[in-house]
Amino acid sequence: MLIKTSVLLYYVESIPKTRAFRWATYAALFVVNAAGLALLLLNVFRCRPIRSAYTYPAANESVCTNFVDLNLASVPLNVVTDFAILVLPLPVLSQMAVPFSHRTAVALMFTAGAIFTTITLIRTAMLQHAHIAQVQAKEAVEWDGVDENEFPCRSYNICISSSFPMVRDN
């Protein structure tokens with residue numbers, strides 16, 4: 001959520017302003033932050049009583065929402081917002097007169113973003129197959145170590161922070 005917010009705020013500050021672009025960016029900011037807050041609250045309060053989510057072993061009377069189900073439910077919105085963040089600046093950037101090297105650097109950044117979105121989809125499919133196998137086998141496997149958003153966040157951090165020197169003006 002925070003990485004997407006920072007990228008969208010970067011768009012607002014650095015890309016030439018048009019009214020439609022600004023409204024679309026603010027709409028994407030709202031969707032990203034509302035969904036992130038909802039997912040955060042669902043993860044924090046996923047057990048009744050709440051303390052059973054943070055104690056091991058959990059009490060027998062506790063009822064918890066499956067961690068994997070919460071993450072799988074968030075994937076479609078994450079993919080849509082990733083796609084929106086990739087596509088949002090394209091009309092504005094295509095009209096800008098910039099040198100070829102800058103255009104190439106921006107194209108590489110967007111290609112990396114598309115690759116990371118694809119990797120998220122592949123990881124989600126693998127997680128879904130593992131979850132289905134778990135349900136079919138009725139095994140009590142602990143999935144709390146799986147963090148669906150850890151790899152994309154690290155990837156975006158590396159990609160974005162390493163690409164800024166390429167696109168700055170000399």
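Largest first, what is the accessible-area ranking of 64, 47 with a 1.4 Å probe?
From most accessible down to least: 64, 47.
How much accessible surface does residue 119 have with a 1.4 Å probe, in Å² rounded to 10?
The accessible area of residue 119 comes to roughly 50 Å².
So for 83, 67, 100, what's the accessible-area order with a 1.4 Å probe, most first?
Largest accessible area first, the residues go 100, 83, 67.
Against the empirical 2.2 N^0.38 Å scaling, what ratio does the C-alpha Rg of region 1-133 come to?
Ratio of Cα Rg to 2.2 N^0.38 Å: 1.35.
Relative to a virtual label point 7 Å from the Cα of residue 128 in the Cα→beta-carbon direction, which members of region 79-104 show backbone nitrogen distances below 17 Å?
79-83
Taking a label point 7 Å from the Cα of residue 27 along the Cα→Cβ vector, which residues of region 75-113 have an amide N closer than 16 Å to it?
The answer is 80-92.
By accessible area of protein heavy atoms, probe 1.4 Å, what ranking do 30, 21, 116 get, highest first?
Per-residue accessible area, sorted high to low, gives 30, 116, 21.
Quick check for you: with a 1.4 Å probe and neighbouring chains kept, what is the accessible area per residue of region 1-140, in Å²?
Averaged over the residues of region 1-140, the accessible area is 64 Å².
The values are calculated or read from the model by the stated rules, or taken from the named source; none is laboratory data. All values reported here derive from a predicted model rather than from experimental measurement. Neighbour counts are summed over all protein chains in view; Cβ atoms, including those assigned to glycine, are modelled from backbone coordinates with ideal geometry. Just so you know, the surface numbers come from the protein's heavy atoms only, side chains and all, with ligands and any DNA or RNA stripped out. Shrake-Rupley method; radii C 1.70, N 1.55, O 1.52, S 1.80 Å.
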